[in-house]
Each structure stands twice: as structure tokens, then as C-alpha cells.
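The values are calculated or read from the model by the stated rules, or taken from the named source; none is laboratory data. For clarity, every value in this text was computed on a predicted model and none was experimentally measured. Quick reminder, even Gly has a Cβ in these numbers, built from the backbone with ideal geometry, and neighbours come from all protein chains shown.
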Amino acid sequence: MSAMRAIGFQYCSWTTTVSGRAQAAASAARWKSGQPLSVFDGVPVPVKDELDQAGYPTTVGTKFLGTQPATEDATVVARLRAAGALLVGKTNMHEIGMGVTGLNPNHGSARNPYDPTRATGGSSSGSAAAVAAGFGPMAVGADGGGSIRIPASLCGLVGLKATYGRVSEHGAAPLCWSVAHVGPIAATARDAALGYALMAGADPKDANTLGQPAVHLKDFESPSLAGVRLGVYRPWFEDARGEVVGACRTLLEGLVERGAQLVELEVPELGLLRTVHLVTIVSEMASSHLAYFERHASEYGLDTRLNLSLARQFQAFDYIHAQRLRVRLHRHFAQALSQCDVLMTPTTGCTAPVLALDALSTGESNLPLFYEIMRFAPAANLTGFPAVSMPAGYDGQGLPVGLQAMGRPWEEHLLLQMARVAEELVPRQRPAVYRSLV
């Protein structure tokens, strides 16, 4: 329990519950009889508090939501349960996902296992902290502007945001429906691939998932990246702190040594990216919490309250204009990916920042820091293209650095193969706070 407290795991229930013990006993019996349900049978998998899990409240990081336990699993959770996964509870998150540090004055802020004085990244903060600290090989996260990839990067993990509509959103809080994704945060590329293969696929309860091509992991085991073109827009790639750029450049060179080809290209009008994503996501969040804000404004954390208040000032024409520009940005990224197979950037512009002591109780609104953290992530949300964050090394303080690869729709298999190859090139360091369950 001391390790759990060190990383800020206030809001999580584990196998000490009757339900958890029952799940574990049933799994042990299946393995003993030689009839496990899947490779996930008996494997602990925590779930972000943005998705419904029967028997647990879904608070979305707030004080006032989730007054009653959910009665039905979200589709992703149901698939994990059917595979025998040990659903050990819910993990904390940045309140309603409206931030990228993981700070939460309502339930306590998750701490980074590499340095508990630092942030995990968000909004899937508890999911990343859980995996990095050894409490399970994979957790469920959700990503509207980097909320899987950012904490994966800052905690030294693999995080996959699949193509829009690849993974069902049924049972996830409808916070930002046009940019939202559910997916795995995992200790290794293999764990991420297994989680993705289980989560992904058509779901009659989510119309956006229908009509997708078959889920597969072609060439995942191949050690060669021969023929894979890695696109780099140099001014964008280098728009991060020096140690981040250095680690990402070294890994990029390693991928080239494994057969990949480097392609220099340009992505125009990147200056639009931040504003278009901001107007889109906060307008959708303000809309989704319209009724809640009227009744519970004083119960949000101060930073969320401020951000929702600002978001409510946008007009319909702001959102519509953002969507027009979004189409233009989509065209630019599609053109870039016609010249390469994968577009490469750092995942974040910096490593994990220090948790400000006053922010632990009041929240924090630090827009320059937030922009630095999420500089590279929103492009994949606006376009709907898949993207993965893979460990790229560490800075001088031993804090993880992530490299992001964004691909064409439905080509998650290539991104996961790259993450697996990258693992052979980057030595991993165990976090300061770590407890093996094995």
C-alpha cells in the first residue's frame, strides 16, 4: 500500500475487494484446469474513471458525478471481463479530462513513479501511474488531445490512440465526441498490441465503429523496418527541449538502422493546430457539461471551473470555423502521409514537470506549460489518424522521454511494430517507485 500512496492512488480498489478476490479465484481455477479464457485471464487491468465498470461509480474525476455504481460495463471493459482480465478498479484522472498534468484536487493527484514530486501527465494519469509502478502490464486510458500518449510518454510507457472509430466509445463519458478515443497504456509494445487487439473492432452500440477493416497485427514480430518511410518536418520535430529532441533523434537514427528511410517534408499551417483543437475540444466539453455546470459550478476544481467558464464564452460560429480549419489541417496531414508511412515527432515538448504544492489542492492553470506538454499530440485527434508513443530514453534527471509516430488510418499494426523494434534500441530504467506483482 505504501507504493500506491506514493504515486497518489487514492481512488482505486484492488483485489482486496470481494469482487477482486472472486475474479482471481475463478481465473486460478481456469488456469489450473487448462482452460484460460485468453492471455489476459487473471491479469490485473485498471480502468480510467472515464469508463463505466459495473459495481464502481464513474466520477470522471469530479466530486459530484458517479453517486451510484455503474450497472453495465463499457464495451471495452466488457471485452476485458470476457477475456478473464482481473478488473481491479478505477484509476484517477484529471477532472473531466480538462488538463494534461493529472492534477486532481478532488481525489488527489497521481504521482509519477519515476519521481513522485512530478506529474504523470494526463488526463489518464492514474492509468499510467499504475502500469509504470508495476500494478499491471496494461491499463485502459482515453485520449481527446493526447491523454493516453502524454502520460505514457512522461511515465516511460507505450500508449496507443487508434484510428477514430477503431475502439468503441460506448460506456465512456461523452466529453469530447469528435476527438475522443479509448485505448491501452502498457508496459511494453507487446502488452499494448494485445490490449489493442482485444479492445478494437466493430461494436453495434457505437455506430462510429461500424464498417472498419479487420483488426490485425501483421509483421508485429518482424525486426526489420525495411521500406518504412519516416516523415520528419524538422522545425516541428525540434520544437521541444534539447534533451527531448536529442533522445528522440537518437531513437530515430536507430529506426533508420533497422531499415527505415528518413523523409524530410513540410506540414503547412501548424500554427492553426493549437487553436483549432482548443476551440473544438473545450466547446464539446462545455456542451457535455452544460447542465452539470448550472447545478454544480462551485463543486468543480478551481482550474476546471475556470476553463469551463472560458469555454462557455465561445460562440457557435467559433466552433464552426474551427471545423472548417480542421478540414484544412486534415488535408495537410493527409498530404504529408502520402509522402511517408509514418510522421515522427516527440510525444511531448518536455519531460514530467514538478507538481506545484499549492496546485495539489487548488488545481493549476498554466497555459504555457500545458501547451509545451501537448504540442505534438492534438494533430492525431483532429485528423482521427492513429498515433503511438514509445519510450525514447531519459533526460539528465532520469525522467522518461517519448517518441510519437502518427500513421495513416487503420495502420495501427505498423505503429505497434515500430514500438516493438524501438524497445530493442532503448534500454529501460525501473522507476523509483515499483512493486512487481509476480
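Structure notes:
- Note on the stretch 303-319: residues that are free of Cβ contacts under 8 Å to residues at least 24 places away in the same chain and not in a helix (DSSP H, G or I) amount to 2.
Every residue, every condition in (1) surrounded by fewer than 23 Cβ atoms within 10 Å (Cβ to Cβ); (2) farther than 27 Å from residue 305 by Cβ, yes or no:
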site: 90; (1), (2): no, no
site: 93; (1), (2): no, no
site: 118; (1), (2): yes, no
site: 160; (1), (2): no, yes
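- Cβ-Cβ under 7 Å pairs, at least 6 apart or on other chains, the stretch 427-438 side more than 19 Å from residue 189 (Cα to Cα) and part of a loop (DSSP other than H, G, I, E, B), far side among the β-branched types (Val, Ile, Thr) and modelled with pLDDT under 95: 433/7
- Number of residues in the stretch 289-311 that are buried (at least 16 other Cβ atoms within 10 Å of the Cβ) and not hydrophobic (A, V, I, L, M, F, W, C) equals 8.
- Residue 78 being among the aliphatic types (A, V, I, L, M), touching an Asp or Glu at 6+ places or on another chain (Cβ under 9 Å), farther than 30 Å from residue 361 by Cβ and part of a loop (DSSP other than H, G, I, E, B): no
- Residue 53 being modelled with pLDDT of 95 or more and either crowded, with 24+ Cβ neighbours inside 10 Å or not in a loop (DSSP other than H, G, I, E, B) (or both): yes
- Within the stretch 404-423, residues that are β-branched (Val, Ile, Thr) have Cβ atoms under 9 Å from residues that are assigned to a helix (DSSP H, G or I) in these pairs: 421/189; 421/254; 421/255, counting only partners at least 6 apart in sequence or on another chain.
- Filtered residue count, the stretch 255-272, keeping only those that are within 17 Å of residue 426 (Cα to Cα) and among the aliphatic types (A, V, I, L, M): 3
- Taken as a whole, the structure leaves residue 357 outside the set of residues that are closer than 22 Å to residue 147 by Cβ and either charged (D, E, K, R) or surrounded by fewer than 20 Cβ atoms within 10 Å (Cβ to Cβ) (or both).
- Every test in (1) touching a residue at least 24 places away in the same chain (Cβ under 8 Å); (2) surrounded by fewer than 19 Cβ atoms within 10 Å (Cβ to Cβ); (3) not β-branched (Val, Ile, Thr) is passed by residue 322 save one, and that test is (2).
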